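Here the structure is laid out as structure tokens; the discussion comes afterwards.
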Amino acid sequence: MQILKDLSIFLHQKAKLSQFSNAYAMYRAGTDPDSDSIGDWQGLLKSQGISCVYLGRSEIKDFYLQRRVKQNFLSLEYIYSGEFYIRNGDRGYLGEAGDLFLLHSGMDHDLMFLSEKKCRKLGMILSGRMLPDLLKLFQLDHVDVIHLPDSKRLDDLFDRIRGTLQNAVSRASCEWNAAYTFGLLQMLSNVSKAEPVPAEIARILEFFESHCSEPLNIRRLASEWGMSLPTLNKRFRAALHMTPYQYLLRLRLRRAAYLLQTDEWTIKEIAEMAGYRNPLHFSSEFHRFHGCSPREFRKKLRSL
């Protein structure tokens with residue numbers, strides 16, 4: 001996996017709208033890949049707290065671009081062979097064999113193939129009302145990419161879930177789907193934790209957790225931690241594939257989303273608890289990250 005500093009390779013590509021539902025939109029360009037896929041979006045799976053509603057394996061030989069705006073599900077993209085470009089919000093990557101990307105809900109994503117060498121990949125879409133809490137529980141809510149050089153266990157879960165999708169009209173199959181999806185998240189969590197975060201970065205993460213509601217100056221903190229801002233950014237990227245600012249932003253906005261689940265606090269109070277002194281700036285950042293305003297987000301939660 002290579003981190004891309006310049007995102008223009010994605011932003012200069014043009015694509016046509018192919019799907020639109022509520023705030024979510026998908027655009028496509030190029031030649032659709034050869035794919036063996038199966039999905040169930042409207043059946044009994046919707047009643048499960050968590051489920052895998054789509055999966056497929058693809059072989060891509062020609063230029064292809066899929067742009068997702070305000071994605072409203074979790075997508076897993078695993079590279080078997082070749083190279084594949086991924087834009088995950090404001091971060092870009094060149095995915096290589098063994099890389100598994102987590103494309104989170106509420107963000108914009110690009111999936112693009114440019115290479116002359118064909119790419120084989122696996123895709124899965126996870127959904128359900130329990131998914132945000134499970135991602136937090138498994139400490140996957142801030143993870144963009146996991147290196148998984150041996151795909152055997154992933155393939156085994158893929159095949160088991162595929163069997164449940166082929167009989168998704170059965171309540172028992174849907175329950176097995178939920179169980180296998182839970183097991184998939186547990187497996188990814190275990191693999192992610194097997195890649196230890198350096199002690200100095202772990203201490204900074206603990207500091208952010210404890211002080212994210214306070215106004216923080218990353219440059220000043222870097223100096224207090226005995227390094228320059230470029231050095232801190234470099235070490236953070238090496239460990240978490242994002243900058244300290246990007247991590248702090250995600251932490252604050254995900255905490256805000258959690259606090260919006262109840263009516264205990266006003267939106268202005270939640271903005272302050274998430275580290276924002278300006279409610280308008282908070283609303284703007286929240287909309288950019290989650291795809292809707294804090295007020296709309298709370299309204300959606302009430303309708304569930």
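Between Leu221, Leu260, Leu248, which is touching a residue at least 40 places away in the same chain (Cβ under 8 Å), of a type in the set (A, V, I, L, M), under 15 Å from Glu206 (Cα atoms) and outside the structural domain of Val143 (by TED's automatic domain parsing)? Show your work before the answer.
Working: Leu221 fails: touching a residue at least 40 places away in the same chain (Cβ under 8 Å); Leu260 fails: under 15 Å from Glu206 (Cα atoms).
Within the list Leu221, Leu260, Leu248, the selection yields Leu248.
List the helices (runs of 4 or more DSSP H) that sit entirely inside region 140-249 and contain at least 3 residues that are under 29 Å from Gly43 (Cβ atoms). Walk me through it before giving the result.
Numbers: elements: 152-165, 171-193, 199-211, 218-224, 229-240.
Hits in region 140-249: 152-165, 171-193.
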For this session: Might you let me know whether region 72-81 holds any residue that is assigned by TED's automatic domain parsing to the domain that holds Ser127 and free of Cβ contacts under 8 Å to residues at least 40 places away in the same chain?
Result: yes
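Tell me which residues, restricted to region 254-287, are more than 22 Å from Glu214 (Cβ to Cβ) and assigned to a helix (DSSP H, G or I). Full working, then the answer.
First pass over region 254-287, keeping only residues more than 22 Å from Glu214 (Cβ to Cβ): 261-263, 287.
The answer is His287, and nothing else.
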For this session: Could you figure out which of (1) out of contact with any strand residue (DSSP E or B) (no Cβ under 9 Å at 6 or more places or on another chain); (2) basic (Lys, Arg); (3) closer than 22 Å to His147 by Cα isn't true of Arg237?
Result: (1)
Problem set entry | Among the residues listed as Gly123, Gly128, Gly92, the single one being under 15 Å from Gln2 (Cα atoms) and small (Gly, Ala, Ser) | Gly92
For this session: Could you figure out which of (1) touching a helix residue (DSSP H, G or I) at 6+ places or on another chain (Cβ under 8 Å); (2) at pLDDT below 95; (3) polar (S, T, N, Q) isn't true of Thr181?
Result: (2)
Exercise. Out of region 258-279, which residues are under 24 Å from the mean Cα position of the chain (by Cα), surrounded by 16 or more Cβ atoms within 10 Å (Cβ to Cβ) and aliphatic (A, V, I, L, M)?
Worked result: Leu259, Leu260, Ile270, Ala271, Ala274
For this session: Scan region 194-225 for residues that are exposed (fewer than 15 other Cβ atoms within 10 Å of the Cβ), at pLDDT 90 or above and of a type in the set (Gly, Ala, Ser) and jot them down.
Result: Ser223
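Taking the condition more than 23 Å from Arg91 (Cα to Cα) and either at pLDDT 90 or above or acidic (Asp, Glu) (or both), does Ile267 pass?
Working: more than 23 Å from Arg91 (Cα to Cα): yes; either at pLDDT 90 or above or acidic (Asp, Glu) (or both): yes.
So Ile267 fits the description; yes.
Being of a type in the set (A, V, I, L, M, F, W, C) and over 30 Å from Arg162 (Cβ atoms) narrows it down to one residue among Leu205, Leu188; which is it? Don't jump to the end; show me each part of the working.
On the way: Leu188 fails: over 30 Å from Arg162 (Cβ atoms).
The unique qualifying residue is Leu205.
If you go through region 79-135 one residue at a time, how many are in a loop (DSSP other than H, G, I, E, B), among the acidic types (Asp, Glu) and touching a Leu at 6+ places or on another chain (Cβ under 8 Å)?
First, the residues of region 79-135 that are in a loop (DSSP other than H, G, I, E, B): 82-83, 89-90, 96-98, 104-108, 114-118, 128-130.
So of that shortlist, the ones also among the acidic types (Asp, Glu) come out as 83, 90, 96, 108, 116.
Keeping just the survivors that are touching a Leu at 6+ places or on another chain (Cβ under 8 Å) gives 83, 90.
Of the residues in that region, 2 qualify.
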Seminar exercise, completed: From the option list Asp99, Asp62, Asp133, single residue qualifying as charged (D, E, K, R), in contact (Cβ under 8 Å) with a residue 24 or more places away in the chain and surrounded by fewer than 22 Cβ atoms within 10 Å (Cβ to Cβ) is Asp62
Problem set entry | Matching entry among Phe236, Phe282 (being surrounded by 12 or more Cβ atoms within 10 Å (Cβ to Cβ), closer than 24 Å to Phe138 by Cβ and at pLDDT 85 or above) | Phe236
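The values are calculated or read from the model by the stated rules, or taken from the named source; none is laboratory data. None of the values given here were measured: they were computed from a predicted structure. For neighbour counting, all protein chains shown are included, and Cβ atoms are generated from backbone atoms with ideal geometry for every residue, glycine included.
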